[in-house]
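Participant: There's a structure below that I have some questions on.
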There are 2 protein chains.
Amino acid sequence: MFKKFFSPESIALIGASREPHKLGYRILENLILGGFKGNLYPVNPKANEVLDLPCYKNVSSLPKTPDLAVIVVPAKLALDAVEECGKQGTKAAVIITAGFKESNAEGKEREEKLYTISQKYGIRIIGPNCLGITDTYQNLNASFAPYMPHKGPIAFISQSGAIISAVLDWAKNEKLGFSRIISLGNMVDVSESEVIEDCASDPHTKVILLYMEGVKDGRDFISRVSKVARKKPIIALKAGMTAAGSRAVSSHTGSLAGMSQAYQAAFKKSGVLQVETMEELFDISMLFACQPILQGNRIAIVTNAGGPSVLATDMIEKEGLVAAELLKKTEKNLAAGLPPAANIHNPVDVLGDASEKEYGFAVETVAQDPGVDGIIAILTPQVVTPVNETAREIGKAAKQKGKTVMASFMGGASLMQAYDLLREEKIPNYPFPERGIRAFRAMVDFSNLSTAEKPSSKAFPVKKALAQAAIEKVEKSGRNILTDFEAREVFEAYGFRAPRRTLAKSAEEAIAAAESIYYPVVAKIASPDILHKTEAGGVQVGISNASEMKKAFEKIVSSAKAYKKNAIIEGVEVQEMVTGIQETIIGVKKDPQFGHLLMFGLGGIFVELLGDVTFRIVPIGAKEAEGMLNDIKGAKLLQGYRKTPAADTEALTEAILRVSQLCMDFPSIEELDLNPLIVKKRGKGLVMVDARIILAEK
Amino acid sequence: MFKKFFSPESIALIGASREPHKLGYRILENLILGGFKGNLYPVNPKANEVLDLPCYKNVSSLPKTPDLAVIVVPAKLALDAVEECGKQGTKAAVIITAGFKESNAEGKEREEKLYTISQKYGIRIIGPNCLGITDTYQNLNASFAPYMPHKGPIAFISQSGAIISAVLDWAKNEKLGFSRIISLGNMVDVSESEVIEDCASDPHTKVILLYMEGVKDGRDFISRVSKVARKKPIIALKAGMTAAGSRAVSSHTGSLAGMSQAYQAAFKKSGVLQVETMEELFDISMLFACQPILQGNRIAIVTNAGGPSVLATDMIEKEGLVAAELLKKTEKNLAAGLPPAANIHNPVDVLGDASEKEYGFAVETVAQDPGVDGIIAILTPQVVTPVNETAREIGKAAKQKGKTVMASFMGGASLMQAYDLLREEKIPNYPFPERGIRAFRAMVDFSNLSTAEKPSSKAFPVKKALAQAAIEKVEKSGRNILTDFEAREVFEAYGFRAPRRTLAKSAEEAIAAAESIYYPVVAKIASPDILHKTEAGGVQVGISNASEMKKAFEKIVSSAKAYKKNAIIEGVEVQEMVTGIQETIIGVKKDPQFGHLLMFGLGGIFVELLGDVTFRIVPIGAKEAEGMLNDIKGAKLLQGYRKTPAADTEALTEAILRVSQLCMDFPSIEELDLNPLIVKKRGKGLVMVDARIILAEK
């Protein structure tokens, strides 16, 4: 897809410079040192030659149309340069130049013009305000990064150029290789989603890392990324998750940071593994880059020291992994090859004075156990520990079996060479076992990614026209907030039901009403003149038979009359007494990036006090809806807790899907709330007690 | 206290060896290379000279009694060696030798004998089965560690020798200095608590690190450590916190790992800062070692890159710190000294091309702001970044102000020299800002440590004799579980009350009873022949006046007779209907290490579903008890939530203190439960609905 970007046959560098401190010089140097095999055309009206290459006055004087233009001229000249490229038929440009929307109003306007030009000529643009792009397997280094990384399986995509500088510097130390490094800049045209998609189809890329502060188009992100994330691991660090962080984002790139819940839901929907820190991003990427995917969650430890293995065992449990139980046969083999004092159960302790052979033997033996999915080899440099030799032996032992193996050689000064040896053997090393275990966990998460659910084509039969009429009426009246009645009407059209109620004008009518509603019922005075019904003695609950109904009717009417002499009494409203297993809440808020974000939780203290809610992005599939019911901490309350029978979880799942359908049908819905939505016992459905719908303001 | 251990005037090395691969050689070499200034006596019956020092046949032939004996002879000879030292009057021994309780039954017996010898001669013992001890300021390296660390402010105390090897290796790389390194081994005599206490009084030690798998004596730990932990920061990593981790401990050192809640409560009570990983242990210790204690929680960021500062801002919020708001004056000063594109608000962005002077100026200016407590200086190595010079400038700027300053120079290869420069300036560097922010947080936690609460001398007036009689009766009868009645008796003696109830034999008696109890009441059939009272129509709730009481009495009695013809009817029990704000639970379990561990939580789903409980160790002070009420997630439910009035939190606090008093009075209580304990609205106290007490089995 992005062939012209990542494997161009010719590149024009517009703004090439002879002055070594300028970016136009540095990028040309990087292109040359990177070993680019195609034609390289420096463009600079004032020079004849740069870095021994002939220099051209402008794009139109180039011997042929370049596949890729790399633009570093000042912002004021950049638009013309892009336009010229467009005219010549160049289809890809990387704009390094800053001074666009990130700077000021003038820059923002300039960026809008840039977009117009890119559309006019069909020239795709990465940037502006970026560090450039690198593809090590194509010998392409069109960036001003301080150096080209080694070849390797990691693609790193970043919305911050500075983070790339740090990553390159870190990787150089760790001798970690990259397939591609892409600085996205302001994303005037090419988005992070398109780049992810392209990296996913790159055969040299095994794992994709993402540093992001905001998506360019949330729906597009989900649609593109969810197609590839289950095939190639995508690990994302989203900065600006908290409120304070968001402020920092907007003052930094001018991009609007979405709500953190929306991003979490979007990552979940797309199959992206989200991490919280740079360190996790690196730790996890190393494991994916170097080792086969973990086939299960059973972890064995081989160690030459007790303390660290206790820490690792703690962490295995904390991360939801399982300490592998070794087969009797494995333990017997270990016993045969290790000294008697060694611990042959997991964690296998080869003792502080273990030789490299004993250590390697233990790893190999454990790796042969079918009950072991992953191994962490822990080593502390004790007095007699042959650290380098052990590193080599672990490498050998690990290779034979195809299990996921990592090392945690703990220390520093004496381990430098061993670290190198482990790297050569493609065994990632973690300075502390806890960090490695976290990476194991991420691999398990990747394996557990369920296949992306296709939005169900099967819609529920609903009365869409009714809902539409109600919504249009509101819009025509110039309002955007539906009344309680209107909101119920819309939800009723989508299969929800409110408590049954009837206005009774006499005791006889009240009894008939109560019988059709089913006892117990609630009776309330119906009078436009009485606002505080309870105060007026105008409410009775728990009425459970005809004689009680009769008495209640009479008492309510007489109390109301006594309370306010001249009140117009319309009668008594007889209402279903809503009882059920549990209050729940279904709400929706439209996120500016990802669209309708649907929330589910249990009502009352669960939402308000404990914040026990879960989010998904609309449209929601059946499995996703079921997942929401299980996500919340109070999930057990729905499944029959203590003496309470199980709630109608099927109806709840369906309710989520129906609300999702409603939001798809009416994109103008900005917010809605079913709160409380009472769930009854299995088979008995739901009742909405309060409903609210807010439309987008026109 | 431990002068003979850490500043001895003479040392005997019993088991000195001429063979370089032996520990007896290595330790002597370490003692010599460490620069020990006193008399050094190698003891070995088979040698005349070791490492150019005259060698002695045995302890009794030494020219004078050594202050400290370091023992490396095989386990079988070690007891005799200690005994000989004891006889000579030596008062301190470090036993390196392994083969004691960690090995097998024979070893365990040997360790018991060792204890007897230590008691007999009053010789204090560190070890056995340890790496030895090091005090850099006393030029003492009585260990077989691979090298002596630099002098520095950190004392490291470890129950794992292997962890010490790793730490030394790490510290060598980081050029981090230590005051002392102490390997505790099996702790036959000297405990971790005594060593902590001694390190706290060591003038060279600024921060104490602890790797522990279990305490030797829980009560002693709390008593000693709580006296010093608020003066000098003590940071502890407790391994074996989870169930699986605990198993690994017991197979490793044979020491019994306590319940993780008990340890957390003990650390809290003592003022110890608990960390979860080795990395945190190091990260936090670096900050305490190098910088002054943070005076508040307001953090400012100075950065040359936007991305990382967004991550740091996220983390500041996540850790409960505050992004400092700079004074207008500060921002004006920054604006005057930085280029126009720089961000002069916090996070202060000096831009990617900042000079070292600009960077240093920004740090200095921010440090002058009285609204800033801590500063993190973030740097990514961009093309033109003068990393080394900037490191120097930060160091200068930081020193002038006395604020807490850290750096996060992100990268690797190009920063090695800058890392060294920062170290020289005593600015701790974190490869990722997130880790530094976590360390800031630990400092705030240290500042916030409330002064240790002295167990209140003021006890509540209780009827201890009554409780004692009840408990003794149970013990005499050979039981250890109190009946419901007996348990209530004990709690009533300590000021708790059960629901009021009276047996009524007639309707009239029932009315009188109900009136003295106060309506509403519950009525229940009293018959030894009717087990299922509700089934028999023998229960009525919510009785609210005399006529209802009369009807209820008659109906209950007649229903019971109808249900079981010949049933003996004793009457009707009239009971207070217990209503209140909230069910709560107070429970106690005796922890083998720390004694009575008291739990408080809200009842029902809060305990069972959400595990929303908090623990403290008995005896509990008034502030601690108040703290428990605020610790739980559901705390707001007690403070008047929605329309519910505030609960009687004073009575709850008192209840916790009364249960604490009960446990102190009766150490034989193994477990107890007040569940549910209903708290009523403010001023109305509590009612215990169910009570349970279990005593230690005899």
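Participant: For region A:359-373, indicate whether the set of residues that are within 12 Å of another protein chain (Cβ to nearest Cβ), closer than 25 Å to A:E424 by Cα, at pLDDT 95 or above and in contact with a Leu (Cβ under 7 Å, 6 or more places away or on another chain) is non-empty.
Facilitator: Checked region A:359-373: no residue is within 12 Å of another protein chain (Cβ to nearest Cβ), closer than 25 Å to A:E424 by Cα, at pLDDT 95 or above and in contact with a Leu (Cβ under 7 Å, 6 or more places away or on another chain).
Participant: Looking for whichever is over 14 Å from A:D673 (Cα atoms) and in the same structural domain as A:I556 (by TED's automatic domain parsing) here; the options are A:G571, A:G621. Which one fits?
Facilitator: Answer to the selection: A:G571.
Participant: Looking only at region B:79-100, count every residue that is surrounded by fewer than 24 Cβ atoms within 10 Å (Cβ to Cβ) and within 16 Å of B:F5 (Cβ to Cβ) and tell me the total.
Facilitator: Residues meeting the conditions: 4.
Participant: Of all the strands (runs of 3 or more DSSP E) wholly in region A:127-203, which have at least 3 residues that are surrounded by fewer than 24 Cβ atoms within 10 Å (Cβ to Cβ) and of a type in the set (A, V, I, L, M, F, W, C)?
Facilitator: Where strands (runs of 3 or more DSSP E) fall fully within region A:127-203, none carries at least 3 residues being surrounded by fewer than 24 Cβ atoms within 10 Å (Cβ to Cβ) and of a type in the set (A, V, I, L, M, F, W, C).
Participant: For residues in region A:633-666 being touching a residue at least 12 places away in the same chain (Cβ under 8 Å) and not in a helix (DSSP H, G or I), which is farthest from the other protein chains (Cβ to nearest Cβ)?
Facilitator: Looking at residues that are touching a residue at least 12 places away in the same chain (Cβ under 8 Å) and not in a helix (DSSP H, G or I), I get A:F666.
Participant: Please report, ordered by residue number, the strands (runs of 3 or more DSSP E) entirely within region B:518-612 with at least 1 residues that are at pLDDT below 90 and surrounded by fewer than 20 Cβ atoms within 10 Å (Cβ to Cβ).
Facilitator: Answer list for region B:518-612: B:539-543, B:582-591.
Participant: From the residues in region A:338-358 that are buried (at least 16 other Cβ atoms within 10 Å of the Cβ) and more than 14 Å from chain B (Cβ to nearest Cβ), which one is farthest from the chain's Cα centre (by Cα)?
Facilitator: Applying the filter and picking the extreme gives A:L338.
Participant: State whether one or more residues within region B:92-106 are touching a residue at least 60 places away in the same chain (Cβ under 8 Å), in contact with a strand residue (DSSP E or B) (Cβ under 9 Å, 6 or more places away or on another chain) and more than 20 Å from B:E29 (Cα to Cα).
Facilitator: For region B:92-106, residues touching a residue at least 60 places away in the same chain (Cβ under 8 Å), in contact with a strand residue (DSSP E or B) (Cβ under 9 Å, 6 or more places away or on another chain) and more than 20 Å from B:E29 (Cα to Cα): present.
Participant: Name the residues in region B:622-673 that are touching a Ser or Thr at 6+ places or on another chain (Cβ under 6 Å) and more than 23 Å from A:I605 (Cβ to Cβ), would you?
Facilitator: The one that is touching a Ser or Thr at 6+ places or on another chain (Cβ under 6 Å) and more than 23 Å from A:I605 (Cβ to Cβ): B:A625.
Participant: Give region A:204-228 a look and list any residue that's among the β-branched types (V, I, T) and assigned to a helix (DSSP H, G or I), or say none.
Facilitator: A:I222, A:V225, A:V228
Participant: Follow-up question, since we're still on this one. For region B:25-33, check the following and say yes or no: at least one residue is over 24 Å from B:H204 (Cα atoms), without any contact (Cβ under 8 Å) to a residue 24 or more places away in the chain and either over 37 Å from the mean Cα position of the chain (by Cα) or assigned by TED's automatic domain parsing to the domain that holds B:E111 (or both).
Facilitator: Yes, region B:25-33 has at least one match.
Participant: Restricting to region A:269-286, name every residue that is within 20 Å of A:F594 (Cα to Cα) and within 14 Å of chain B (Cβ to nearest Cβ).
Facilitator: A:Q274, A:V275
Participant: Quick one: which of A:G402, A:G412 is over 21 Å from A:Q274 (Cα atoms), out of contact with any Leu (no Cβ under 6 Å at 6 or more places or on another chain), touching a residue at least 60 places away in the same chain (Cβ under 8 Å) and outside the structural domain of A:S668 (by TED's automatic domain parsing)?
Facilitator: Matching residue, one of A:G402, A:G412: A:G402.
Participant: Right, something else. Only residues that are at pLDDT below 95, touching a strand residue (DSSP E or B) at 6+ places or on another chain (Cβ under 8 Å) and surrounded by 15 or more Cβ atoms within 10 Å (Cβ to Cβ): list them for region A:35-52, please.
Facilitator: Once the filter is applied, which keeps residues that are at pLDDT below 95, touching a strand residue (DSSP E or B) at 6+ places or on another chain (Cβ under 8 Å) and surrounded by 15 or more Cβ atoms within 10 Å (Cβ to Cβ), region A:35-52 yields A:V50, A:L51.
Participant: A further question follows. What number of residues within region B:467-499 are modelled with pLDDT of 90 or more and in a helix (DSSP H, G or I)?
Facilitator: Matching residues across region B:467-499 total 18.
Participant: If I filter region A:415-449 down to residues being outside any helix (DSSP H, G or I) and touching a helix residue (DSSP H, G or I) at 6+ places or on another chain (Cβ under 7 Å), which single residue comes out as surrounded by the fewest Cβ atoms within 10 Å (Cβ to Cβ)?
Facilitator: Filtering region A:415-449 for residues that are outside any helix (DSSP H, G or I) and touching a helix residue (DSSP H, G or I) at 6+ places or on another chain (Cβ under 7 Å), the one surrounded by the fewest Cβ atoms within 10 Å (Cβ to Cβ) comes out as A:K426.
Participant: Also, quick follow-up: Could you tell me whether any residue of region A:292-301 is surrounded by fewer than 24 Cβ atoms within 10 Å (Cβ to Cβ), more than 13 Å from chain B (Cβ to nearest Cβ), closer than 30 Å to A:L210 by Cβ and of a type in the set (V, I, T)?
Facilitator: yes
Participant: So, in region A:594-628, of the ones that are out of contact with any strand residue (DSSP E or B) (no Cβ under 7 Å at 6 or more places or on another chain) and more than 19 Å from B:E608 (Cα to Cα), which residue ends up farthest from the other protein chains (Cβ to nearest Cβ)?
Facilitator: Only one residue tops the list, namely A:P619.
Participant: If I ask for residues that are within 14 Å of another protein chain (Cβ to nearest Cβ), more than 23 Å from A:L28 (Cβ to Cβ) and of a type in the set (G, A, S), which ones from region A:144-176 would you list?
Facilitator: Within region A:144-176, A:S160, A:A166, A:A171 meet the criteria.
The values are calculated or read from the model by the stated rules, or taken from the named source; none is laboratory data. A quick note: this is a predicted structure, and the numbers were derived from the prediction, not measured. All Cβ positions, glycine included, derive from the backbone under ideal geometry; neighbour counts span all protein chains shown.
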